[in-house]
1. Return yes or no: is Ser189 within 30 Å of Ser362 (Cβ to Cβ) and either crowded, with 17+ Cβ neighbours inside 10 Å or in contact with a Ser or Thr (Cβ under 8 Å, 6 or more places away or on another chain) (or both)?
2. When the residues of segment 143-159 are filtered to those that are open to solvent by 50 Å² or more (accessible area, probe 1.4 Å) and assigned to a strand (DSSP E or B), which remaining residue is nearest to Ala15 (Cα to Cα)?
3. Sort out which residues of segment 198-209 are modelled with pLDDT of 95 or more and either among the β-branched types (Val, Ile, Thr) or assigned to a loop (DSSP other than H, G, I, E, B) (or both), and write them in order of number.
4. Are any residues in segment 231-242 surrounded by 21 or more Cβ atoms within 10 Å (Cβ to Cβ) and either in contact with a strand residue (DSSP E or B) (Cβ under 7 Å, 6 or more places away or on another chain) or under 17 Å from Pro262 (Cα atoms) (or both), and if so, which ones?
5. For segment 1-32, which residues satisfy the criterion of being open to solvent by less than 60 Å² (accessible area, probe 1.4 Å), within 22 Å of Arg131 (Cα to Cα) and assigned to a loop (DSSP other than H, G, I, E, B)?
6. Lys204 fails exactly one of the following numbered conditions: (1) out of contact with any Asp or Glu (no Cβ under 9 Å at 6 or more places or on another chain); (2) farther than 30 Å from Leu17 by Cα. What is the number of that condition?
7. Only one of these conditions is not met by Ile212: (1) more than 23 Å from the chain's Cα centre (by Cα); (2) closer than 18 Å to Thr300 by Cα; (3) not in a loop (DSSP other than H, G, I, E, B). Which number is it?
8. When both residues are 6+ apart or on different chains and their Cβ atoms are under 8 Å apart, which pairs have a first residue that lies in segment 125-145 and is closer than 16 Å to His181 by Cβ, and a second that is modelled with pLDDT under 95 and open to solvent by less than 70 Å² (accessible area, probe 1.4 Å)?
Amino acid sequence: MNVLIIGGGASGMMAALNAAQNGHCVTLLERQARVGRKLLSTGNGRCNLTNLNVSPAHYHGEAPSFADYALQYADVASTLRRFADLGLLTVTEDSGRVYPYSNMAGSVLDVLRFALEQPHIDLHTGVTVTRLRKKGELFTAETEGGETFTARRVILAAGGAAGSKVGGVMDGYRLAKSLGHHRTALYPSLVQLKTDPTYPRSLKGVKADARIRILRGGEAIAENRGEILFTEYGVSGPAVFDISRRVSTGGDGLVCELNFFPDWDERSVLHWLQQRRDTMASREASALLTGAIHTRLGQTVCKAAGFTHQRVSSLTDDDLRCVAHQATCFTLPITGTCGFDQAQVTAGGLRTDEFDPTTMESRLVPGFYACGEVLDIDGDCGGYNLQWAWSSGLLAGELRQNTAPCAQMKDGAF
């Protein structure tokens, strides 16, 4: 049976390889000049291809349980065996993150590209599908260049809106809409936060280990701990990415609170500062946190507390309490997130209740499948999104058929 796959990213390549392995003749269409371009930018160029800690808790969407079957069908162990069979060596960090042994994302892409070079897979790059129709048992895809491709089955693996510089587009949602599908609202995820820039601008490039909380009206709606990075417009870093989804979808009035002494409470920091007052009596107050956190960050915390050029010896316990509070509850009003062009993942996508989680086939259009980021499933930072791409792509590539149609269609964001 001939199969048309739209999108040559992580999920599309996996779908193509599995479909070909199952005896299907595959045509793979990719709009970029080469397949898998987005893979090269993952994991800071190292490609964090999965995580040993994959579990349902790391996935999101209106119905995150939709991902459960695919993640069990193609779990982390079986996925790594597939990559090993393709010749990829991997290394696992203590955190559970898995990287290629070469520490180069190109190694992951190269073994996939080599595997695609087989008689059962016809790869076309630089091809943008502009129209997708179904008549009878046959799908017809028309391209921007005037070409027409036909197939009995279609797998949509066109990705999401995130990462427009490396291939993120709205094409997949539009093509699915033409067949009667709906999507949820879309938000950038795994993305930098924008805040009041007054302090971040002066701290641009400074990294810190911190506990981060996102507050609304004084109550935490999300929290995390790890490395943060100050940017010209706010904060970034792994600890920020993991909770950026809550900011994207959380509306206005949010505040970012940072604790630069994540293992201490405010009282412990105050006690330490009181000891420092005795040993640094002749120093300027701005140097009070030197040796504990980044020098520039320490100076900024003291400035936020209202102390710069005063002598440390002149600071009262109440003054030190102000510094301790700023060091453990440093707040930045949030103005939003960066956009899809800088986001690593799209939160939201095609409504999963219109697809069968055990086959990835549409409940509305027999023979039409979807996988990867185009669906309303997204994961945390740390390899979870790529595992979803591998798992859902492999399951879609099985080309199993549903046993029951969708009972009804719901209103969506289209």
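The values are calculated or read from the model by the stated rules, or taken from the named source; none is laboratory data. Given the structure is predicted, the values throughout are model-derived calculations rather than measurements. Heads up, the Cβs are rebuilt from the backbone with ideal geometry, glycines too, and the neighbour counts pull from every protein chain shown. The protein model used for the area step is the full one, side chains on, heavy atoms only, and it has no ligands, DNA or RNA in it. Shrake-Rupley method; radii C 1.70, N 1.55, O 1.52, S 1.80 Å.
1. Working: within 30 Å of Ser362 (Cβ to Cβ): yes; either crowded, with 17+ Cβ neighbours inside 10 Å or in contact with a Ser or Thr (Cβ under 8 Å, 6 or more places away or on another chain) (or both): yes.
Considered against the rule, which asks whether it is within 30 Å of Ser362 (Cβ to Cβ) and either crowded, with 17+ Cβ neighbours inside 10 Å or in contact with a Ser or Thr (Cβ under 8 Å, 6 or more places away or on another chain) (or both), Ser189 comes out as yes.
2. Quick first cut of segment 143-159, residues open to solvent by 50 Å² or more (accessible area, probe 1.4 Å) only: 144-148, 150, 152.
From what is left, the residues that are assigned to a strand (DSSP E or B) are 148, 150.
Details: Thr148: 21, Thr150: 18 Å.
Among them, the one singled out is Thr150.
3. Leu203, Lys204, Gly205, Val206
4. If we filter segment 231-242 for residues that are surrounded by 21 or more Cβ atoms within 10 Å (Cβ to Cβ), which is where we start, we get 231, 234-237, 239-242.
Correct list: Gly234, Val235, Ser236, Gly237, Ala239, Val240, Asp242.
5. Gly7, Gly8, Gly9, Gln32
6. The single condition Lys204 does not satisfy is (1).
7. So the condition that Ile212 fails would be (1).
8. Hits for this filter: Val129/Asp171.
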